[in-house]
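Reviewing the structure listed below.
Derivation of every value follows stated rules applied to the coordinates shown; laboratory data play no part. If you're wondering where the values come from, they're calculated on a predicted model, not measured in any experiment. Don't worry about glycine lacking a Cβ; one is built from the backbone with ideal geometry, like all the others, and counts go over all protein chains shown.
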Amino acid sequence: AEDVFALGAVLVLAASARHPFAGSPLPSAREGPDLTGVPDALCVPLLSCLHKTPEARPHPESLAHTLDLSGTATRPAREWLPEPYLHETGERADAARALVGRRGWGR
């Protein structure tokens, strides 16, 4: 639920160049988010992400389907992401796994 809230805040910022809570990273108990500048089609899903009650926020899979205008959310990345990005992402994931293993993190 916290990740969905954070995603909603990032998407509002990306869509409007404004923080949804007037520049404060913590929402006020009395104020709702400011979605000025957010396209109308995104307002309802983003409001649901920013709901003050965590249990009322959408499940990530549901949100992915709601926001997926291109139909790619349910397809594996290898089907739509360009090969150079797949290769670089794989290399970075391998490097991260090696670092975690070397430092004993994640145990």
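Beta carbons within 10 angstrom, averaged per residue: use that to sort the peptides 44-51, 1-8, 59-66, 82-89, highest first.
On the way: 44-51: 18.4, 1-8: 15.2, 59-66: 13.4, 82-89: 9.8.
Descending mean neighbour count gives 44-51, 1-8, 59-66, 82-89.
By how many nm would the segment from residue 34 to residue 19 lengthen if fully extended, with 0.36 nm per residue of separation less the alpha-carbon distance? Each step should come with its number before you reach the end.
Values: separation 15, 0.36 × 15 = 5.40 nm, distance 0.77 nm.
Net length gain for the segment: 4.6 nm.
Based on the Cβ-Cβ distance from residue 44 to residue 99, what FRET efficiency comes out when R0 is 30 Å, to the nearest 0.05?
Values: r = 41 Å, r/R0 = 1.35.
Taking R0 as 30 Å, the efficiency between residue 44 and residue 99 is 0.15.
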